[in-house]
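For reference, the structure I am asking about is given below.
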Amino acid sequence: KAGVTQTPRYLIKTRGQQVTLSCSPISGHRSVSWYQQTPGQGLQFLFEYFSETQRNKGNFPGRFSGRQFSNSRSEMNVSTLELGDSALYLCASSLVREANIQYFGAGTRLSVL
Amino acid sequence: SQQGEEDPQALSIQEGENATMNCSYKTSINNLQWYRQNSGRGLVHLILIRSNEREKHSGRLRVTLDTSKKSSSLLITASRAADTASYFCATDYGQNFVFGPGTRLSVLP
């Protein structure tokens with residue numbers, strides 16, 4: 001079974017631009033969560049989608065948004081990028097029945113210049 | 001904040017030694033999980049312990065949970081250089097899934 005796939009792996013953007021990151025979960029997994037990881041703040045929860053609905057949301061500004069499609073693939077969008085948005089963005093999928101064990105992708109490294 | 005705390009922040013040991021990492025959390029949980037991350041890659045699930053369990057084993061890993069102290073520990077026995085990574089505890093609050101800041105483990109050959 002293929003793992004969680006995140007694209008692209010690396011991205012360089014400039015301040016003010018917007019960016020869209022993509023995540024394909026493990027086949028059969030309906031829950032997709034997004035996390036931001038930085039050296040200063042650690043791993044912070046962004047949001048979780050289940051069956052195309054946002055189920056939980058972390059404490060991030062409205063510039064961060066996401067969506068999930070009917071095939072469970074998910075996208076995350078960040079508008080009006082700031083330097084502080086430079087981070088590793090991780091996507092994780094879960095089967096939900098398995099006590100919420102998260103299966104992570106390799107991440108997208110976003111650098112904002 | 002519901003975020004847990006891990007200690008130590010960094011740990012350096014020799015191959016063959018045991019490594020112990022601790023995690024504390026603030027409120028009642030459904031379960032607690034441990035994950036490993038190699039050098040800026042994705043996290044890999046190691047082990048899950050439910051709130052009604054006190055100890056679990058998986059290979060060289062042993063996890064304990066003390067709900068009265070709101071703490072957990074991860075023991076890696078007979079460590080190997082390949083165990084070098086960051087280790088995170090993650091607490092499942094039902095509506096929320098929160099990772100601690102992690103312990104960076106270095107296993108020296």
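For A:THR53 paired with B:LEU61, estimate the spin-label separation in nm (one decimal), with each label point 7 Å from Cα along the Cα-to-Cβ line.
About 3.2 nm, to one decimal.
With a Förster radius of 45 Å, plug the Cβ-Cβ distance of B:LEU108 and A:THR5 into 1/(1 + (r/R0)^6) and report the FRET value to the nearest 0.05. List each step's numbers first, then the result.
Values: r = 34 Å, r/R0 = 0.76.
The value I calculate is 0.85.
Same structure, new question: Tell me, which longest segment in chain A has none of the trypsin sites (Lys or Arg not before Pro) that fall in DSSP loops with at most 12 further Cβ atoms within 10 Å?
Details: sites that count: A:LYS1, A:ARG9, A:ARG15, A:ARG97.
My reading of the result: A:16-96 is the longest stretch.
While we're here: Springs between alpha-carbon atoms under 10 Å, Gaussian network over chain A: tell me which of A:GLY84, A:GLY58, A:GLY40 tops the mean-square fluctuations.
Answer for the Gaussian network model of chain A: A:GLY40.
Here's a follow-up. Which order do the peptides B:53-61, B:70-78 take when ranked by the mean count of other beta-carbon atoms within 10 Å per residue, highest first? Mind dumping the intermediate values first?
Working: B:53-61: 12.3, B:70-78: 18.2.
Ranked by mean Cβ neighbours within 10 Å, highest first: B:70-78, B:53-61.
Here is a follow-up. Using DSSP to call loops (not H, G, I, E or B), can you name the chymotrypsin sites (Phe, Trp or Tyr not before Pro) in segment A:30-75 whose Cβ has at most 14 other Cβ atoms within 10 angstrom?
Passing sites in segment A:30-75 are A:PHE69.
With r defined as the distance between the Cβ atoms of B:SER12 and A:GLN41 and R0 fixed at 41 Å, what FRET efficiency is calculated, to the nearest 0.05?
Details: r = 24 Å, r/R0 = 0.59.
It comes out at approximately 0.95.
Given 0.36 nm per residue, what is the gain on full extension from A:THR14 to A:ARG67 after removing their alpha carbon distance, in nm? Write out the running numbers ahead of the final one.
Details: separation 53, 0.36 × 53 = 19.08 nm, distance 2.33 nm.
The A:THR14-A:ARG67 span can extend by a further 16.8 nm.
Simple spin-label model, 7 Å along Cα-to-Cβ: B:THR77 to A:SER111 in nm?
So the two model labels end up 4.4 nm from each other.
Next question, about the same structure. Can you list the GluC sites (Glu not before Pro) in segment A:33-113 that are in a DSSP coil and have 15 or fewer other beta carbons within 10 angstrom?
Details: sites: A:GLU48, A:GLU52, A:GLU75, A:GLU82, A:GLU98; in loops: A:GLU52, A:GLU82, A:GLU98.
Those that pass, being in a loop and sparsely packed, are A:GLU52, A:GLU82, A:GLU98.
While we're on this one: Pop the C-beta distance of A:ARG30 and B:SER68 into the FRET formula with R0 = 41 Å and round what comes out to the nearest 0.05.
Numbers: r = 35 Å, r/R0 = 0.86.
The value I calculate is 0.70.
Averaged over B:35-41, how many beta carbons belonging to a partner chain fall within 10 Å of each residue's beta carbon?
Numbers: counts 5, 0, 6, 0, 0, 5, 6.
Taking all residues of B:35-41 together, the mean is 3.
For segment A:3-28, list residues with backbone N below 16 Å from a point placed 7 Å from the Cα of B:VAL44 toward its Cβ?
Backbone N within reach: A:3-4.
Here's something else I'd like to know. In percent, what relative contact order does chain B have, based on Cα pairs under 8 Å that are 6 or more apart in sequence? Before the final figure, lay out each step's value.
Working: 279 pairs, mean separation 41.9, N = 109.
Value for chain B: 38 percent.
Would you tell me the mean number of C-beta atoms belonging to other protein chains that fall within 10 Å of each C-beta in A:102-112, as a whole number? Provide the component values of the computation, followed by the final result.
Working: counts 10, 4, 7, 3, 3, 5, 0, 1, 0, 0, 0.
Partner Cβ neighbours, averaged per residue: 3.
Next question. Would you mind calculating the relative contact order of segment A:1-99 from Cα pairs under 8 angstrom and at least 6 residues apart, reporting the percent as a whole number?
Numbers: 206 pairs, mean separation 34.7, N = 99.
Once divided by the residue count of segment A:1-99, the mean separation gives 35 percent.
Every number in this text was worked out from the coordinates using simple rules, so none of it is lab data. Because the structure is a prediction, the values reported are computed rather than measured. Glycine gets a Cβ as well: all are built from the backbone with ideal geometry, and neighbour counts include every protein chain shown.
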